[in-house]
Amino acid sequence: MATTLKYQLLNEDVFLGLRKLQDDSCDLCIVDPPYGASTTKNWAYGSDKKIKGFGGDWKLTSEAWDLLSQNDSFLGTFEWLKELKRVIKPTGSIWIHSTYHNSGFVNVCCQLLGLEIINEIAWYKRNSFPNLSGRRLTASHETILWVHKGGEKNRKYTFNYEETKSFSASYDMLKEAGKQMRTVWDIPNNKAKEEMQFGSHPTQKPIRVAERILLISGVPNGTLLVPFAGSGTEMVAGLNYGMNVIGFEIEPDYFNIAKKRLDNVLINKSNSLF
């Protein structure tokens, strides 16, 4: 008898929503956070600020990283990572998208929280958008960190090794069937027509990236958490893989796009049973 998959998409601030989730309740998390690429904020140096909810009883004034305490991106990253460490099961993983704008924040916050980085993935985009200014190199990759809770007793994270080894794709010139998967993924950035049929998001990832993550860390009938759902790509990939999914998206337009995509997946799955 087929298991009925469910999704829960919440039009809610992720920082409020994550606090409502139970400890050790999710098997996998894919995070595609705001990169801060267009921020105009400046660093504010000094140690006289108290940050609500930042590390509990830590003494910020005695820590070197207090120099970063006024940056919204750093503080936000620390806050959602702290909640994810609580919510993800010891057997689970957290996958985090980033670029040079925020990858340093993510790395440092993981270390501060005791989250262990398993791998750093370079997602190579052969068809990346050209640099129009002609003042810098064309950005042709993004970084993805594979993270788990950390500690000797918690190295129980799911790794579908045999599936990753046998995997191959015509579009990926670096992965051969029967060879171990590398930390460089050759995945073009173009999206299929059906990925955009209900609308799009300006930083929407091709679904093949999320599918690769699920191939590695997916748990059939488990729970996938997507804190920044956007137009729903990672949630759609989770349902297609066979996981129940929970996501948060605060912007109504993108929330509506994601909901339409998710409903469409469930309708197609239901029709395929008849």
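The residues neighbouring Gln8, those whose beta-carbon lies less than 15 Å from its own, together hold a net charge of -1 under the Lys/Arg +1, Asp/Glu -1 convention.
Counted by Cβ distance under 11 Å from Arg208, the other residues give a net charge of -1, where Lys and Arg count +1 and Asp and Glu count -1.
For the set Phe74, Phe228, the ranking by accessible area, highest first and with no ligand, DNA or RNA atoms included, is Phe228, Phe74 under a 1.4 Å probe. Compared with the direct C-alpha span, the chain from Ala139 to Asp24 gains 37.7 nm at full extension, assuming 0.36 nm per residue. Over region 115-274, what percent of the accessible surface lies on carbon and sulfur atoms, probe 1.4 Å? Accessible surface attributable to carbon and sulfur in region 115-274 totals 51 percent.
The values are calculated or read from the model by the stated rules, or taken from the named source; none is laboratory data. In this text, all values refer to a predicted model and were calculated from it rather than measured experimentally. Reconstructed Cβ throughout: ideal geometry from the backbone, glycine too, with neighbour counts over all protein chains shown. All accessible areas refer to the heavy atoms of the entire protein, side chains included, with ligands and DNA or RNA removed. Shrake-Rupley method; radii C 1.70, N 1.55, O 1.52, S 1.80 Å.
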